[in-house]
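These notes concern the structure reproduced below.
FYI, it's all coordinate maths here, none of it is from the lab. Just so it is clear, the structure is predicted and the values come from calculations on it, not from any experiment.
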Amino acid sequence: MAPPAPKVIPARRGAAASSAGARQKGAAADAETGPEAASHLEVAIAVASGQADTGLGVRAAATALDLGFVPVAWEDFDIVLSGDTLPAAEPLIAALRTAAVQSSIGALGGYDLSRAGLGRNAGLTGYAARQ
């Protein structure tokens, strides 16, 4: 008799935090789905508490709860601002360029900060809105 499929917590795209049980069972694509989590930390808490065997989330959440982590994908995150809002964002941009902030973020694991704080003109005009 085959072992039961691991229970998986659905979350946003990213990577998987997994319990030892999920690694032993072998997480299958048709695994039983558990409750949906609202954040990466909630995914990690569900795995750590035994509510789920595995779930998608970021490395920092898995590491914070001493869980195993299997990278699934890298994602780029951009902050898009209009030109008139750039002065208000300058403290954030400047902080991203400092060694102290980059060291703190790097200590979380799983983040590539090589382009953090770099600006570029997207050359966009107009705006997007939900109808």
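3J(HN,Hα) along segment 52-57, derived from phi through the Karplus expression 6.51 cos²θ - 1.76 cosθ + 1.60 where θ = phi - 60°, amounts to 9, 8, 7, x, 8, x Hz, with x in place of Gly and Pro. Here's how it looks for GLY68: its modeled amide H is under 5 Å from those of SER18, which are all 5 or more places away or on a different chain. Note that segment 73-81 has calculated 3J(HN,Hα) couplings of 7, 9, 10, 8, 10, 10, 9, 9, 10 Hz, one per residue in order, obtained from phi through the Karplus relation 6.51 cos²θ - 1.76 cosθ + 1.60 (θ = phi - 60°); glycine and proline are x. Using θ = phi - 60° in the Karplus curve 6.51 cos²θ - 1.76 cosθ + 1.60, the 3J(HN,Hα) couplings for segment 94-99 round to 5, 4, 4, 8, 7, 5 Hz; x is entered for Gly and Pro.
Which semi-axes, in whole Å and largest first, does the equivalent ellipsoid of segment 79-121 have when worked out from the alpha carbon gyration tensor as the square roots of 5 times its eigenvalues?
Values: eigenvalues 95, 24, 11 Å².
For segment 79-121, the semi-axes come out at 22, 11, 8 Å.
Under a 5 Å amide H cut-off, with hydrogens placed 1.01 Å from N, GLY57 pairs with ALA15, ALA16, ALA17 among residues at least 5 apart or on other chains.
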